[in-house]
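Structure, as structure tokens:
The values are calculated or read from the model by the stated rules, or taken from the named source; none is laboratory data. Quantities reported herein were computed from a predicted structural model and do not represent experimental measurements. Note that we place each Cβ from the backbone using ideal geometry, even for glycine, and neighbour counts take in every protein chain shown. The accessibility values were calculated without ligands, DNA or RNA, using every heavy atom of the protein model including side chains. Shrake-Rupley method; radii C 1.70, N 1.55, O 1.52, S 1.80 Å.
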Amino acid sequence: MTAQPRENLSGLDLRAEIDRLRKDRNAVILAHYYQKPEIQDIADFVGDSLELSRIAAETDADVIAFCGVKFMAETAKILSPDKIVILPDMDAGCSLEDSCPPDKFAAFRAEHPDHIALTYINCSAAVKALSDIIVTSSSAEKILSQIPTDQKIIFGPDKHLGGYLVRKLGRDMLLWPGVCIVHEAFSETELLKLKAQYPDAPVAAHPECPAHILDHADMVGSTSAILKFAKETPSEVVIVATEPHIIHQMEKAVPEKTFIGAPGADGNCNCNICPYMALNTMEKLYVALRDLEPRIELDEELRLKAKKSLDRMLEMASSTVGQGDLGRPDLAHQD
């Protein structure tokens, strides 16, 4: 079910009402970096998806309002089963999650019984339950370094992150063919035009980008790593190749710098706004806190199976959560 305002909320002071409900419900509001600025500004915590879920689990909140997408809210529920977890719009999905249906992933695994499944966190709880180890963009390299080189690996659902790791580490993996529609939309031609216009501006890119974009990046990393780079680089202009709403945090942290979203085929970054993240609004957040709906509910057996793969990641690479610069992609991409 999707939370929708039941009445006209136009005269309501949404910020004040959300603050009131936050206290009344003993709720913590989480916002991913890709949320609209007004939602980021009202959140208790803004960050990467797993980082946010871990923070929320450590609070004494009774309710987690996760302003992100469904797999993120599911991860919060996996780690905080006794808390009520609400998502402002249950239709806020993810193209990577959609690309990897659990039944097809299970069948794929069955066809390759000698492979373990290293699965990117951008997937459903059901796919996490079918996986051996969950990885994030910041933990994947550290985890791969701990797996024997003769162990065969399935990596899904993001073929671009998997391909980047294959090229960087020289580690062969069987890649599931999923992509993020946001990062897929960047244009190499338009990026090169922008680099020519700002020759001294480094490019910071998320590893969900295709190889032809990563080849032009000066750093590749998770959203938290990109934000850290933006703060610390001496460059006055930075080109950002990820969902452009993260620029809000950059401008708040270092307002004296200029941040430019990497362009799509039409020469601007509007096509790279995540349509799923955009479904969450202040109105829907208010209604979700008011009604404590829509809720994330998980079967306990499924939750425990999914948690096992998450726990394995945290055992192997807990220090990477919320961190993680994957480094400069110096290797030429392979088709």
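Screening region 155-192 for residues that are in contact with a helix residue (DSSP H, G or I) (Cβ under 7 Å, 6 or more places away or on another chain) and among the β-branched types (V, I, T) and picking the one that is farthest from A106 (Cα to Cα) gives V182.
In region 39-63, what residues are assigned to a loop (DSSP other than H, G, I, E, B) and under 16 Å from the mean Cα position of the chain (by Cα)? Please lay out each step first, then the result.
Within region 39-63, the subset assigned to a loop (DSSP other than H, G, I, E, B) is 43-44, 48, 59-62.
Correct list: D48 only.
The rows are residues; the columns are (1) modelled with pLDDT under 95; (2) part of a loop (DSSP other than H, G, I, E, B); (3) acidic (D, E); (4) open to solvent by 10 Å² or more (accessible area, probe 1.4 Å).
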position: A76; (1), (2), (3), (4): no, no, no, no
position: P81; (1), (2), (3), (4): no, yes, no, yes
position: D89; (1), (2), (3), (4): no, yes, yes, no
position: G93; (1), (2), (3), (4): no, yes, no, yes
position: K104; (1), (2), (3), (4): no, no, no, yes
position: A110; (1), (2), (3), (4): no, no, no, yes
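Among the residues of region 187-206, just one is part of a loop (DSSP other than H, G, I, E, B) and in contact with a Gly (Cβ under 7 Å, 6 or more places away or on another chain), namely S187. Being touching a residue at least 40 places away in the same chain (Cβ under 8 Å) and either of a type in the set (K, R) or within 18 Å of L314 (Cβ to Cβ) (or both) holds for only one residue in I147, I154, I133, I116, and it is I133. For region 258-280, what are the residues that are open to solvent by 30 Å² or more (accessible area, probe 1.4 Å) and either assigned to a loop (DSSP other than H, G, I, E, B) or in contact (Cβ under 8 Å) with a residue 40 or more places away in the chain (or both)? Once the filter is applied, which keeps residues that are open to solvent by 30 Å² or more (accessible area, probe 1.4 Å) and either assigned to a loop (DSSP other than H, G, I, E, B) or in contact (Cβ under 8 Å) with a residue 40 or more places away in the chain (or both), region 258-280 yields I260, A265, D266, G267, N268, C269, C271, I273, P275, Y276, A278, L279.
Against the numbered list (1) over 16 Å from the mean Cα position of the chain (by Cα); (2) at pLDDT below 95; (3) under 23 Å from L30 (Cβ atoms), E141 comes up short only at (3).
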